[in-house]
Amino acid sequence: MSSRTLARSELARRPGQHLPSLLVTALGAAFGAALLAVSSMIGDYAATTAIGGSAGVERMLTVLSILFLGIAVFVAGVVTTNTFSTIIAGRVHEIALARVLGASARDLRRSVATEGAVVGLLGSVLGVGVGWAVAALVGVIGRASGVALPVPEVLDPVLAVPLVASALTTWLASWLGGARVLTVTPMQALGSAEEAPYDRLSRRPVRTGLAVLAVAAGAVGLGAGVMMGQSSSSGVLVAFLGGVLSFIGVIGLSRLIIPPVLRVIGTLLGRGAPARLGAANAMRHPERSARSTVGIVIGVTLITTFVVAASTARTVLFATTAGAPEEYVEEASRIIDNVTLVFAGLIGFAVVIALVGLVNTLTLGVMQRRREIGLLRAVGFTRGQVRRMITAESAQGAIAATAIGVLLGVVYGWSGALALLGSVSSGAVWPTVPLAFVAAVVVVTAAVALLAALIPSRRATRVTPVAALAVD
Amino acid sequence: MSQPLRAIARVEQLSKHYGSEQARVTALDAVTLSFAAGQFTAVMGPSGSGKSTLMHIAAGLDSASSGRAWIGSTEITGLGDDELTVLRRREVGFVFQSFNLVPTLDVRGNILLPFDLDGRTPTAAETAWIDELIARLGLRDRTAHRPHELSGGQKQRVAIARALATRPTLVFADEPTGALDSATSRDVLRLLQDASRDFGQSIAMVTHDPVAAAHADRVLFLADGRLVRDSGPASAAELSGIVLGLEDAS
Ligand SMILES: Nc1ncnc2c1ncn2[C@@H]1O[C@H](COP(=O)(O)OP(=O)(O)OP(=O)(O)O)[C@@H](O)[C@H]1O
Ligand SMILES: [Mg+2]
């Protein structure tokens, strides 16, 4: 069997398993395409008006768009890696059988990557199309309200960026997620559907070492930036680089950081059987749980960074411009607010992609645990208790991810503000965390927890106790 | 036996059909029978004769197409899903052929699951009983182990401990030794037999294996979804002869 035949049969037989990956790829591509197309439109529009340095405007918007696209595509890639790895976990029996019949692990992995390539290509073409349509719609709305925005070009070469980035990311993700194929032994074809042991975290000394190094070096940079900031605002550049480096390190370490946090949050969810079993589920596949929440960590960290930096900066400005004209200060703070809101919205899109990933991981987990859920129903779990179990698992992920994200974001945002404005402030500067933001975080976390549990709960409550007894 | 036997669970005119009107499979065909209090009852019959189906409905795991079923004095046909679930939790113990245990819980956690689900901790008397079960089933130094760290026989013993822990009205076992070797099977069967003899636990067990059924006080035979024979205790050889006869007939 060639890897391509295998991939084709898998795609034809169960196309549904790749819908989430298709959706995630398309979301990333659509987001990037819309941003870049709108940036070009605004650039063109700026060229026709009196705004000076129009080329500069367009270039700046494009660079920002690519930055946001990069964040969204990265999160999409993590989500898709997880989806593929989880799908493979559900195919263990078949893979083992193919291995018994003589297929090599390498071929099987390549076949998974072929599936990923097909999904990536379809998803990104679809997504770019949708993104372009959104940009066209923005143009229509703009013109209707008197801003002479042009119609976006269909063959704008810049659209190749989201197309290629999304397709390649999904392909790469399927290759990385497909690595799980290599751990399947032919022996596993013989074992019946038994209680599977826990996944053990593989040791990745090189990756872990590099990540620790990045965190350490980044933290030093962040600290140095803050120190420099006491005398000049150029410290913010050093702090920015330090922050980016350390955050990349934290993401690299997320597989080690997130599971223990999940464990702590899990114990806080209560001692009832549903909560305890829900919390224990996340610990079965620590890597999977980490990947399913790291997208939320990234989004929340970045948003919190902006909000805290902006609010802290405003506090400093208010304190130091006590004598300045009021309208000037108010204007400045309104600009800060608007920019923060736009940035938060754009990063929020990555959180939406992460949410899709969380839903998908939970749902696949439920489908792979059908027998176990049937057993629980047999020995006395009511449907309500099953629902509570799934919601506990989802809440644990959502709460852990936002907690980590807010903590990191406060540190980064505060450091940024200190590095930028330390030289102009008089006394000590403490991070400002607006109450409205805290409220928003709580509401969004609760919404994510409940939304993510909706679909998997429905699947889980449909499992009958007799399902536990059906020996397949 | 001197005392008249009280029925602890029974079914009346119980039928179960699968599939559509045209392609209908009748798994159970108007079966009426009862399980007696304190007895160890085995259910035998050829493959596809409806043994599992009977067990599932009588234990409140599945719904009947027609007819009625009782556990204790409660009619379970017609109960809502939540009521039925709570009844299973409190009144019925289950031992299945495999996949009996929750992988994320250790042995003790699995045994205590029915109490946890009720949101209560076992009373002192219940705890003493559970400790006795753990000791008698030879699980004393295994209580902190997870299912994947246990052998097949140990897993079945944990399942039996859980099934007995709440002192349920009835324990249902479907091929509890189906996945075990013969020495381990004998162990497990003796444990079930002891539970019935020593503690008066009512047990209903489905099995293919005449050796297993020979441990029972009473053996019921199903064929083509009907009760065809009701026998007292018998040797494995006798039971094997009866089953062969039924298989030839069908
Ligand atoms: N979910 C189902 N859908 C359709 N038919 C079913 C279903 N479950 C059972 N049957 C049919 O009902 C009949 C009785 O099945 P049941 O599982 O009760 O038999 P059994 O006596 O337990 O057999 P075995 O000894 O092989 O376990 C069989 O003909 C079976 O094919
Ligand atoms: Mg059966």
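Rule-based calculations on the coordinates, nothing more; no lab input. Just so it is clear, the structure is predicted and the values come from calculations on it, not from any experiment. Backbone-built Cβ (ideal geometry, glycine too); neighbour counts: all protein chains shown.
Highest mobility in the GNM of chain B, judged by mean-square fluctuation with C-alpha springs under 10 Å and restricted to B:85, B:169, B:77, is found for B:85. Inter-label distance, residue B:65 to residue B:247: 2.7 nm, where each label sits 7 Å from its Cα along the C-beta direction.
With a ≥ b ≥ c the root eigenvalues of the C-alpha gyration tensor of chain A, is it rounded (a/c under 1.5), prolate (a/b larger than b/c) or oblate? Because a/c hits 1.5 or more and a/b exceeds b/c, chain A counts as prolate. The residue list B:145, B:32, B:99 was ranked by how far each Cα lies along the charge dipole of chain B toward its positive end, using unit charges on Cβ atoms, and B:145 comes out on top.
Do you know the relative contact order of region A:198-472, to the nearest whole percent, from alpha carbon pairs under 8 angstrom that are 6+ apart? Relative contact order for region A:198-472 comes out at 30 percent. Here region A:210-306 is assigned +1 on the Cβ of each Lys and Arg and -1 on the Cβ of each Asp and Glu. Its dipole about the Cα centre then comes out at about 500 debye. Each of B:158, A:119 was scored by other Cβ atoms within 10 Å of its Cβ. Listed from fewest to most, they are B:158, A:119. For region A:400-429, list residues with backbone N below 13 Å from a point placed 7 Å from the Cα of residue A:319 toward its Cβ? Residues A:417-419, A:421-429 fall inside that zone. With both labels modelled 7 Å from their Cα along Cα-to-Cβ, the residue A:217 to residue B:5 distance reads 8.0 nm. FRET efficiency for the pair residue A:227 and residue A:462, taken as 1/(1 + (r/R0)^6) with r the Cβ-Cβ distance and R0 = 56 Å, rounds to 0.45. Reducing region A:145-160 and region A:437-455 to their Cα centroids gives an inter-centroid distance of 35 Å. Specify which residue in the list A:275, A:235, A:100 is farthest towards the positive end of the charge dipole of the protein assembly as shown, using unit charges on the beta carbon of Lys, Arg (+1) and Asp, Glu (-1), about the Cα centre. Farthest along the dipole direction, towards plus: A:100. When both region B:116-159 and region A:278-298 are represented by their alpha-carbon centers, they are found 30 Å apart. Charges were assigned to the Cβ only: +1 to each Lys and Arg, -1 to each Asp and Glu. The resulting dipole of region A:1-194 about its Cα centre is roughly 580 debye. With axes computed from alpha carbons, what is the tilt in degrees of helix A:383-421 against the longest principal axis of chain A, rounded to the nearest 10 within 0 to 90? The answer is roughly 30 degrees. Extending 7 Å from Cα along the Cβ direction at residue A:264 and again at residue A:145 yields two label points whose distance is 4.4 nm. Taking the Cα centre of the protein assembly as shown as reference, the dipole from Cβ charges on Lys and Arg (+1) and Asp and Glu (-1) amounts to some 820 debye.
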